[in-house]
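To start, the structure under review is shown below, and the notes come after it.
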Amino acid sequence: MSSIQIQDVTKSFGDFKAVSNLCLDIAEGEFVALLGPSGCGKTTTMNMIAGLEDPSEGSILFNGQDLSSTRIQDRNIGFVFQNYAIFTHLTVFKNLAYGLAVRHLPKQDIERRVKAMADRMGLSHRLDQKASSLSVNEMQKLAIGRSAIVEPRIFLLDEPLSNLDAAFRAYMRAELKVLQREFGQTMIYVTHDQIEAMSLADKIAIIDRGKLMQYGAPLEVYNNPTNRFVANFVGSPRMNLVDGEVKNTGGSMKLVIETGLEIPLSGRVGADIASHRSTQRMSLGIRPQDIYLGDLHHTDDIPLSGLVEEVERIGPKRLAYITAKGTRFLAVDERDYMTPGSEVEFFLAAEKCMAFDGATGERMGGRVQ
Amino acid sequence: MTDLISDMVPLDSTASESPEGGYWYRMSRDGQKLGRWFVAPTVLLLLFIVVFPLLMQLYLSLTWWTPLDGTRWYKAYESFNFADNYWRLVTDRDLWAALLRTGAVIAVAVPLQFGLGLGLAYLFIDDFPGRKIFYSIILTPMMIVPAVVGLIFFLLFQGTGPVNGTLGLPANFSWLTSVDRAMLSVIIADTWQWTPLMFLILLAGMLGVPSDQLLAARLLGGSNWQNFCRIILPRMKPVIIIALVLRTVECFKIFDLTFIMTKGGPGVATETISLFLYKKTFADLDWAYVAAVGLTILFALSLLAAGGLAYMAKKKG
Amino acid sequence: MNAIEINGASKRYPNFTLGPIDLAIGEGEFFGIFGPPSSGKTSLLKLILGLVELDRGRVALGGTDSARLAVSQRGISMVFQNLALFPNMSGRENIIYPLTERKASKSEIDARLDAVAEVLHISHILHKNPAQMSGGERQRIALGRALAVKGRAILLDEPVSALDARLREEMRIELKRLQRMDKQTFVYVSNDEEEVMAVSDRVAIMDHGQIIQVGPPDEIYNRPNSISVAKLVGSPPMNLFPGHLSDDGERFESPSFTMSLDFPRTAHAGAAATLGVRPEDIHQTSDTGAACPGIAVSSTEPLGSHTIVNATIGGRLVKIRTSGRVIGASELGTHVSFDQRRLHLFNADGERI
């Protein structure tokens, strides 16, 4: 079981910088998610940890050791591919046994360990069947079991759940969490699905275009995003982000949006902006859950009115797309009376508003809540 | 005209190397009918070139006919002899000796070419600078007319030739006229010419092995050799069968090299079956007998090829 | 007149039987089809497309029996799961392909292309080849191609499944807007339940080749007609407790707990039954009465906007969905109550009572 230190790693492919100056500290036994959109460099980062690629600059240490001179087969790193890469011409047993067989372990040991792992993964009844005859979900479990059985120092998973159907994904999320606790392994998990990251990881590293945006515990990243990208990316449904110019008229601050909508900025948000160095353009962020209809809750809350354009149902809740003077807001509410075409009054909870600098995307002000 | 495509079947999420779904389709009956018209000319041609001479051979093989008889071949029924020719080939010492010699060539040449081809192919899996150039160079021997290859090696293996010169051997160290080394020279020439084919086929087979499975094997701790034996070779089984059957059948028929390099000599030291039949046909004019032998060999080789195919079909299913 | 009508259609396959299917999809409807893998969703699409010969029953398009209509004459376009874009053509050429096939005039083509590209936000990539596009861009081109011609219906087979989670959410609502704008009939197939339920006007739930419930998403969510539907819809899935009703029908009794019912089921008194309650309908309470069983919390999953609590009631695993403010077990009480108006009861055959 290893800790990992990624020290100022950059990876370039010609002129293109896939990863820029990445610094990440992963403790032993931690479950860390590398989260970001397609092409952000998270898979490249994982490949560098696995040793499949070498950093152009910087180094990656395992428990303080540099493994760049060790051959891949000697690194003992567990890797679960996105498409599983199980040995389809071998039986399930032989698949699970591969890592042990190449280490020339005695036959009884192999048998014992394979049977135990098969039990653990729910594949005991498939041991003698060819791996190609398994369902996709079983292949997933086989891929994990095959890597886990050799007790690697770290475990890398490349979007392992993306090929599964939605119901099984939820089930596997829970399974993975339990497995990780059981094996106590350091796990690094690449995904573009922030729900997965939020529910599984101890810490999330959010990456955009090769750069680390924020690294912290799920709730920390959710409640205190340090920049606009993180605020937008984490949280489902996505955070409302309204861009506009800050105008100060007669002591009261307003956010003026191109479409003509004006949002009064007061209370904490106003203070955040004022304390930040003078900035003209900014983005106001508010999560759909923090917009509500009906009666005013706090005097600071910002009132707006608009037209409900579309209503989606998300499990027990409704997601309303409300347009106020050309600016679109998403609001989540449980009540049924939001119907497309109706005019509504809605409020932005002032306590939960966040301000982001228009130029750098940095969050203005201190921690929320 | 109705649609030519009739049935789309999606691959569902069970049991597939690529978990994502897809559609494949069969030709409708209309499409198949049209297809038959397109294929017809080629089939007719094949029938004429292959089937007709075969039947003619069969006919002749049951008679005593030779061109010296003075009658037309279709009148051969006059000297009908049932299966006398076939009996003869079973007891013909010279024939069996030739067969044995051919067998010896195959036993040495095919594994040799296979091993070399496999080794070369392995080196070519990953890209390296100059890969394309080396690839073309390796394939060149295959492109040369076999008779020319024979000529090349004939010259090379002369007593006063470059081989002896490079190895520092005296001019009376003979290759082509030595009973022991004549066969060896032929095998060397054949290997030089046909290893590239093995290389080509086996490389294609190797490249068909999914690279991420190989990667997974490496990450699990498998060394290059272990991964080669456990992952690459097993997955190449169908390709290996094809390559071996192909080469074996071709090697069996070896003619150009023996004819040009040694003419079957010294004596009959390198008289392979093809050469034997050649002499019987053009020197002895024993056409009916040759027909019988030819058909028997055809039958035997077909069994071999069919066996290979059956084995492959079983593997696929 | 319905855009698509299926009456008693069935077809036998080697491994399973599709149907009998009865379905009516109205014009301009956004119709969703959801089911677990291999439940027959794609086979149903094939039925509508005319790619399979029915053993029994008929498919009518716009009121006319489609048995004699060839695939190309049905006026149905399709977005495939693997997109099937023409790799040698640019995005623009892909989209206008159906229009050029129908010999539309240049001005018509341009107008339609502009409209479609505008809604799908692809105007800037029309000149690229599919190989040069990202997954999301390719998806939108495929959509554009299907939308180019206003046909009878558009079938979408998992059109957004290959996209990033974030992009999927955004594309969903774009699809909905597109459909509204054109008043096209959409038939949307997916095995992501949330996706289908979010955008459809009506949904058909499929399982083992049959349609087991059809209706607006709300109805299916709030009143699933069987245990199968109840298990399939909702994430996390509904909590189910097997047990039976008391002799007077006023209580539900199970090995884990006993609960009094505000709406007694006297008609099924004494019968075996399964009680279902969704994770969001379980609430904390300080009451310890007959309708409030005790719980023991094993773990919590704080997801920011809400928290999933894994607990046990009388030894049986239960998932509870509560506000995002709850983070650890300490913030939860020791008892819970079930929202009595939102209880689901199913009889021994799995049907709703």
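Filtering region A:189-227 to residues that are polar (S, T, N, Q) and within 8 Å of the chain's Cα centre (by Cα) leaves A:THR191, A:GLN194.
Residues are listed down the side, and each one gets a yes or a no for (1) surrounded by 21 or more Cβ atoms within 10 Å (Cβ to Cβ); (2) β-branched (Val, Ile, Thr):
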| residue | (1), (2) |
| --- | --- |
| A:GLY29 | no, no |
| A:ALA33 | yes, no |
| A:GLN65 | no, no |
| A:PHE81 | no, no |
| A:ILE86 | yes, yes |
| A:VAL102 | no, yes |
| A:GLN108 | no, no |
| A:ARG113 | no, no |
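Residues in region A:237-246 that are among the charged types (D, E, K, R) and either without any contact (Cβ under 8 Å) to a residue 12 or more places away in the chain or within 11 Å of another protein chain (Cβ to nearest Cβ) (or both): how many? Counting residues in region A:237-246 that are among the charged types (D, E, K, R) and either without any contact (Cβ under 8 Å) to a residue 12 or more places away in the chain or within 11 Å of another protein chain (Cβ to nearest Cβ) (or both) gives 1.
Do we find that C:ARG58 is among the basic types (Lys, Arg), free of Cβ contacts under 8 Å to residues at least 60 places away in the same chain and part of a strand (DSSP E or B) in this structure? Taking the combined requirement at face value, the residue satisfies it. Within region C:142-166, being at pLDDT below 85, touching a Pro at 6+ places or on another chain (Cβ under 8 Å) and in a helix (DSSP H, G or I) holds for C:LEU143, C:ALA148, C:ARG166. Helices (runs of 4 or more DSSP H) fully within region A:25-130 that include at least 2 residues being within 14 Å of chain B (Cβ to nearest Cβ) and among the β-branched types (Val, Ile, Thr): A:42-50, A:107-121. Taken as a whole, the structure leaves C:ILE353 outside the set of residues that are among the aliphatic types (A, V, I, L, M) and in contact with a Pro (Cβ under 7 Å, 6 or more places away or on another chain). Restricting attention to region C:194-231 and to residues that are more than 9 Å from the chain's Cα centre (by Cα) and aliphatic (A, V, I, L, M), the residue that is nearest to the other protein chains (Cβ to nearest Cβ) turns out to be C:ILE220.
Taking the condition surrounded by fewer than 20 Cβ atoms within 10 Å (Cβ to Cβ), touching a Gly at 6+ places or on another chain (Cβ under 7 Å) and touching a residue at least 60 places away in the same chain (Cβ under 8 Å), does C:LYS128 pass? It is false that C:LYS128 is surrounded by fewer than 20 Cβ atoms within 10 Å (Cβ to Cβ), touching a Gly at 6+ places or on another chain (Cβ under 7 Å) and touching a residue at least 60 places away in the same chain (Cβ under 8 Å).
What residue, among those in region A:322-361 that are in a strand (DSSP E or B) and of a type in the set (Asp, Glu), is nearest to C:GLU280 (Cα to Cα)?
Of region A:322-361, the ones in a strand (DSSP E or B) are A:322-324, A:327-333, A:343-348, A:354-357.
So of that shortlist, the ones also of a type in the set (Asp, Glu) come out as A:333, A:343, A:345, A:357.
Working: A:ASP333: 14, A:GLU343: 28, A:GLU345: 26, A:ASP357: 37 Å.
Among them, the one singled out is A:ASP333.
A:ILE263 satisfies every condition listed in (1) touching a residue at least 40 places away in the same chain (Cβ under 8 Å); (2) touching a helix residue (DSSP H, G or I) at 6+ places or on another chain (Cβ under 6 Å) except (2). Of all residues in region B:270-304, those being on the phi > 0 side of the Ramachandran plot and charged (D, E, K, R) number 0. If the requirement is being charged (D, E, K, R), in contact (Cβ under 8 Å) with a residue 12 or more places away in the chain and farther than 28 Å from A:VAL221 by Cα, which of these qualifies: A:GLU334, A:GLU343, A:GLU362? One residue alone meets the criteria, A:GLU343. Any residue in region C:98-105 that is closer than 15 Å to C:LYS150 by Cα and under 33 Å from the mean Cα position of the chain (by Cα)? Yes - at least one qualifying residue is present in region C:98-105. Within region C:194-216, restricting attention to residues that are β-branched (Val, Ile, Thr) and in a helix (DSSP H, G or I), which residue is modelled with the lowest pLDDT? Out of the qualifying residues, it is C:VAL199.
Number of residues in region B:115-146 that are exposed (fewer than 13 other Cβ atoms within 10 Å of the Cβ), under 19 Å from the mean Cα position of the chain (by Cα) and either part of a helix (DSSP H, G or I) or modelled with pLDDT of 95 or more (or both): the value is 3.
Out of all the residues in region B:205-261, which are outside any helix (DSSP H, G or I), facing another protein chain (nearest Cβ under 7 Å) and of a type in the set (Gly, Ala, Ser)? B:GLY221, B:GLY222, B:SER223 - these are the residues of region B:205-261 that are outside any helix (DSSP H, G or I), facing another protein chain (nearest Cβ under 7 Å) and of a type in the set (Gly, Ala, Ser).
Against the criterion of being touching a helix residue (DSSP H, G or I) at 6+ places or on another chain (Cβ under 9 Å) and modelled with pLDDT under 90, C:LYS183 does not qualify.
Could you say which residue among A:SER266, A:SER236 is more than 12 Å from the chain's Cα centre (by Cα), buried (at least 16 other Cβ atoms within 10 Å of the Cβ) and of a type in the set (Ser, Thr, Tyr)? Walk me through how you get there before you give the answer.
Values: A:SER236 fails: more than 12 Å from the chain's Cα centre (by Cα).
Exactly one of A:SER266, A:SER236 is more than 12 Å from the chain's Cα centre (by Cα), buried (at least 16 other Cβ atoms within 10 Å of the Cβ) and of a type in the set (Ser, Thr, Tyr), namely A:SER266.
Among B:ALA243, B:ALA189, B:ALA217, which is the only one that is farther than 24 Å from B:LEU100 by Cα and surrounded by 21 or more Cβ atoms within 10 Å (Cβ to Cβ)?
Being farther than 24 Å from B:LEU100 by Cα and surrounded by 21 or more Cβ atoms within 10 Å (Cβ to Cβ) holds for just one of B:ALA243, B:ALA189, B:ALA217, which is B:ALA217.
Can you tell me which of (1) in contact (Cβ under 8 Å) with a residue 40 or more places away in the chain; (2) away from every other protein chain (no Cβ under 14 Å); (3) farther than 28 Å from C:LEU61 by Cα is the one C:ARG152 doesn't meet? With (1) in contact (Cβ under 8 Å) with a residue 40 or more places away in the chain; (2) away from every other protein chain (no Cβ under 14 Å); (3) farther than 28 Å from C:LEU61 by Cα applied to C:ARG152, the lone miss is (3). Cβ-Cβ distances below 7 Å connect the following pairs, each with a first residue in region B:231-255 that is among the polar types (S, T, N, Q), a second residue that is at pLDDT 90 or above, and a separation of six or more residues or different chains: B:THR248/B:ILE106; B:THR248/B:VAL110. Right, C:VAL336: modelled with pLDDT of 80 or more and within 14 Å of another protein chain (Cβ to nearest Cβ) or not? No.
The number of residues in region C:279-311 being in contact (Cβ under 8 Å) with a residue 40 or more places away in the chain and assigned to a strand (DSSP E or B) comes to 6. Please go through (1) at positive phi; (2) within 27 Å of the chain's Cα centre (by Cα) for C:GLY315 and return the number of the only condition it doesn't satisfy. That leaves (2) as the condition not met. Of all residues in region A:136-173, those being over 19 Å from the mean Cα position of the chain (by Cα) and either in a strand (DSSP E or B) or away from chain C (no Cβ under 14 Å) (or both) number 14.
The values are calculated or read from the model by the stated rules, or taken from the named source; none is laboratory data. None of the values given here were measured: they were computed from a predicted structure. Cβ coordinates were reconstructed from backbone atoms using ideal geometry, including for glycine residues, and neighbour counts include every protein chain displayed.
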